[in-house]
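Shown next, in structure tokens, is the structure this report addresses.
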Amino acid sequence: MKQLATLLVGASLIFAACKTNTDQSAYFNADGMDTTVHPGDNFFQYANGTWVKNSVIPDDQSGWGSFFTLYDENLKKMRTILDELSAKTDHQPGSNEQKVGDFYASGMDTIAIEKAGYEPLKPMLAKIEAVKDYKELISLLASSYTEGDGDLLGIYIGADERNSSKNILSLYQTGLTLPEKDYYTKTDAPTVEKRQKLVAHITNLFVLTGVDKTLAAQQAAAVLKLETAIAVSHLAPVELRDPIKNYNKMSVGDLEKISPNIGWSASLAKMGIQTDSINVAQPAYYKTLSTLLASQPIDVWKSKVKFDYISSNASLLSKAFVDERFAFNKLFSGAKTQEDRWKKMVSRTDDGLKDLLGQIFVQKYFPAEAKKRMDELVNNLQIAFDKRIAQLDWMSDTTKQKAKEKLAAIMKKIGYPDKWRSYDDVKISRSDFYGNMRSIAKHDYKESIAKIGKPVDKTEWQMTAPTVNAYYNPTFNEIVFPAGILQFPFFELKADDAINYGAIGMVIGHEMTHGFDDQGRQYDAQGNLTDWWTKTDAEKFTAKAKGVIEQYNAYTVLDSLHVNGALTLGENLADIGGLAIAFDAFKLTKQGQSAEKIGGFTPDQRFFLGYAQVWRIVDRPESLRTRITTDPHSPEEFRVNGPLANFEPFYQAFGVTEKHKLYRPAAQRARIW
């Protein structure tokens, strides 16, 4: 599956209500700072220490900060829309309002959902039970894709990374329940406990579908053993960041040779797919899957497929299934209680019906002035980045010219799509939540496979308009900022430039830099995976990136757990570059060129404080442990202190010297972009 370079923001910039356009101090609240800490020792703590100390994570959350608070506010806004639409039963049948309102109503009808129990799963479970050998199993799974289900074969349709103007079918590794392969082999106590809890979880789900507890436990143990064998074939998270390693284009015939027991020609036909060109992102998985299909008892495979099917649908079923799923997932998030039903259903409506709800959200909550102001900010950041490239002392003119061409070619998408998706063929019933989910899944699958071999539509968005996030897509060479993040506290039309450039400006610079990080730099201006660097410049980049890996490897998160500098390299490079680009753009503004203090802080100091408070967050230990092994983003404290330790203007703004803990000798400071 394509990996977008997402911001995954998680922190809090605090603003107060504005009364006048001239009272800029109203947009920044210093109460959350801890001024007993010197900025040069720990700027994250200096900017956020009191807030961190006083923060209480809500029981239903894995952490708390501005990403969470804004996400929560957006849920409330969408709920207002959905409550209004779902209260009416006289919408025009087939209209957007009918579909959105009735879908939400069906998910909130817990009486009907409880009454149904796991009845919706029984037909498929019976089909799995009737399977006699692995060939029948693969045939059944292939057919189920057209019905909105399917597992074991991970499919994704998107731009061919070597020919970004054309869509291609890609196959990726799947088949694991735990977050990544090391969870199946590590022997530390927390990981062993998670494997034990997984067996208990599988057992409980089987029991909920009527299986004898003793038999269920035996089947669960067999599923874990099978997943452990599958895990051996998986690439680790760091390896998944290598676009060349994950590009293995081949014909169906060649795929048959490396994984003959899957019967690809017949399977693809049952899936409704016609193609002879496939990118097999992780071939080792399919080689292993083919071998295990023939070598493992069919009853073990049936248990595995049943579990996958029940697990993927558990959140759509009665309370007992929902509770069991949460009880397992909280091991990784640390959340103590589940979110309210309405929150889950608002999120599911946004995720499921996407643009149908997004259109209404934008009309109601996204002002035209915000889009215009963001256009200005993005253009200013692009100008600043271009100047930085021109001034690089380590890169040749040949590579500089290519870099400038790529920067100029970046597509900018702000707020919402120019063209909304259609869901005309999706039938939504007010009384059938599970059926509605199947209808949406069928639509999404049909729409997706229709793209294979066709020209790429680069107007498409990969996030919904209300999403509190942003991303860079390398095959589109685009930066995307949904309306959801373009509001208080990340972006405020009336705030002074120091705050806006430190907050949303850094976000813009971060996404731009993704086009030139260790992954993004391997794609050209058109989004093709191709080498446009001179050999010498590529070697210099790699050497500089190695220093960043070493810097972040040294950061301790919990106990003996350290940041994985290789896994987080792309995000760290984007943070370092984004900060510098945003600061340069800020210095071109009137405020950036003045020395006038607001609230006791210089413009430069306000810029850095705005930046640091955007990444304000508190995490539960369980969430941090999961993130360290799977998340390409560093924990937020190091998203602040790491880039600042490399940035000379920060040293100047706060008088940082060699006696301070963040100080790094000039020769060791990373300056790539």
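Give me the pairs, please: first residue somewhere in segment 531-557 and of a type in the set (Gly, Ala, Ser), second residue anywhere and outside any helix (DSSP H, G or I), beta-carbon distance under 6 Å, and either six or more positions apart or on two chains.
Short answer, once both residue conditions are applied: Ala545/Asp518; Gly547/Ala670.
Only helices (runs of 4 or more DSSP H) wholly contained in segment 286-367 count here; list those with 2 or more residues that are more than 24 Å from Ala130 (Cα to Cα).
Numbers: elements: 298-313, 319-333, 341-353, 355-365.
Passing ranges, in order: 319-333, 341-353, 355-365.
Would you mind telling me which numbered condition in (1) on the phi > 0 side of the Ramachandran plot; (2) at pLDDT 95 or above Asp559 fails?
Unmet condition: (2).
Any chance you could count how many residues in segment 603-624 are in contact with a Gly (Cβ under 9 Å, 6 or more places away or on another chain) and assigned to a helix (DSSP H, G or I)? Working first, answer last.
Step one: list which residues in segment 603-624 are in contact with a Gly (Cβ under 9 Å, 6 or more places away or on another chain), which gives 603-604, 606-624.
Add one more test, that the residue is assigned to a helix (DSSP H, G or I), and what stays is 603-604, 606-614, 621-624.
Residues meeting the conditions: 15.
Applying the selection to segment 525-572, what residues are out of contact with any helix residue (DSSP H, G or I) (no Cβ under 9 Å at 6 or more places or on another chain), assigned to a helix (DSSP H, G or I) and among the small types (Gly, Ala, Ser)?
The answer is Ala543, and nothing else.
Please specify each residue of segment 146-175 satisfying the condition of being at pLDDT 95 or above, surrounded by fewer than 17 Cβ atoms within 10 Å (Cβ to Cβ) and assigned to a loop (DSSP other than H, G, I, E, B).
Residue satisfying the conditions is Arg162 alone.
What do you reckon, is Thr35 polar (S, T, N, Q), over 30 Å from Pro635 (Cβ atoms) and modelled with pLDDT of 95 or more? Walk me through it before giving the result.
Values: polar (S, T, N, Q): yes; over 30 Å from Pro635 (Cβ atoms): no; modelled with pLDDT of 95 or more: yes.
It is false that Thr35 is polar (S, T, N, Q), over 30 Å from Pro635 (Cβ atoms) and modelled with pLDDT of 95 or more.
When both residues are 6+ apart or on different chains and their Cβ atoms are under 7 Å apart, which pairs have a first residue that lies in segment 459-472 and is touching a residue at least 24 places away in the same chain (Cβ under 8 Å), and a second that is basic (Lys, Arg) and part of a loop (DSSP other than H, G, I, E, B)?
That search, which allows pairs on different chains as well, returns Thr459/Lys419; Thr464/Lys354.
Residues checked against (1) closer than 30 Å to Asp604 by Cβ; (2) among the acidic types (Asp, Glu); (3) under 29 Å from the mean Cα position of the chain (by Cα); (4) surrounded by 14 or more Cβ atoms within 10 Å (Cβ to Cβ):
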{"position": "Asn29", "(1), (2), (3), (4)": "yes, no, no, yes"}
{"position": "Asp34", "(1), (2), (3), (4)": "yes, yes, no, yes"}
{"position": "Val37", "(1), (2), (3), (4)": "yes, no, no, yes"}
{"position": "Phe44", "(1), (2), (3), (4)": "yes, no, yes, yes"}
{"position": "Val52", "(1), (2), (3), (4)": "yes, no, yes, yes"}
{"position": "Ile57", "(1), (2), (3), (4)": "no, no, yes, yes"}
{"position": "Trp64", "(1), (2), (3), (4)": "yes, no, yes, yes"}
{"position": "Ile81", "(1), (2), (3), (4)": "no, no, yes, yes"}
{"position": "Pro93", "(1), (2), (3), (4)": "no, no, no, no"}
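Got a number for residues in segment 35-73 being assigned to a helix (DSSP H, G or I) and either outside the structural domain of Leu662 (by TED's automatic domain parsing) or aliphatic (A, V, I, L, M) (or both)? Talk me through it step by step, then tell me what you get.
Narrowing segment 35-73 to residues assigned to a helix (DSSP H, G or I): 43-54, 66-73.
Then keep just the ones that are either outside the structural domain of Leu662 (by TED's automatic domain parsing) or aliphatic (A, V, I, L, M) (or both); that gives 47, 52, 70.
Here the count works out to 3.
Kindly indicate whether Gly453 is under 30 Å from Ile113 (Cα atoms), surrounded by fewer than 19 Cβ atoms within 10 Å (Cβ to Cβ) and touching a residue at least 24 places away in the same chain (Cβ under 8 Å). Full working, then the answer.
Values: under 30 Å from Ile113 (Cα atoms): no; surrounded by fewer than 19 Cβ atoms within 10 Å (Cβ to Cβ): yes; touching a residue at least 24 places away in the same chain (Cβ under 8 Å): yes.
No: the conditions fail for Gly453.
For the condition under 23 Å from Asp496 (Cβ atoms), touching a residue at least 12 places away in the same chain (Cβ under 8 Å) and not charged (D, E, K, R), what is the one hit in Ala390, Ala403, Ala408, Ala370?
Numbers: Ala390 fails: under 23 Å from Asp496 (Cβ atoms); Ala403 fails: under 23 Å from Asp496 (Cβ atoms); Ala408 fails: under 23 Å from Asp496 (Cβ atoms).
None of the others qualify; the one that does is Ala370.
When you go through Lys412, Lys404, Lys419 one by one, which is the residue that is outside any loop (DSSP other than H, G, I, E, B), surrounded by fewer than 18 Cβ atoms within 10 Å (Cβ to Cβ), within 24 Å of the chain's Cα centre (by Cα) and of a type outside the set (Phe, Trp, Tyr)?
Numbers: Lys404 fails: within 24 Å of the chain's Cα centre (by Cα); Lys419 fails: outside any loop (DSSP other than H, G, I, E, B).
Criteria check complete, one pass: Lys412.
Going by the structure shown, is Lys364 surrounded by fewer than 19 Cβ atoms within 10 Å (Cβ to Cβ) and either more than 21 Å from Trp461 (Cβ to Cβ) or acidic (Asp, Glu) (or both)?
Working: surrounded by fewer than 19 Cβ atoms within 10 Å (Cβ to Cβ): yes; either more than 21 Å from Trp461 (Cβ to Cβ) or acidic (Asp, Glu) (or both): no.
So Lys364 fails the test.
The values are calculated or read from the model by the stated rules, or taken from the named source; none is laboratory data. Predicted model, so just to flag it, every value in this text is computed and none were measured. As a convention, Cβ positions derive from the backbone with ideal geometry for all residues, glycine included, and neighbour counts pool all protein chains shown.
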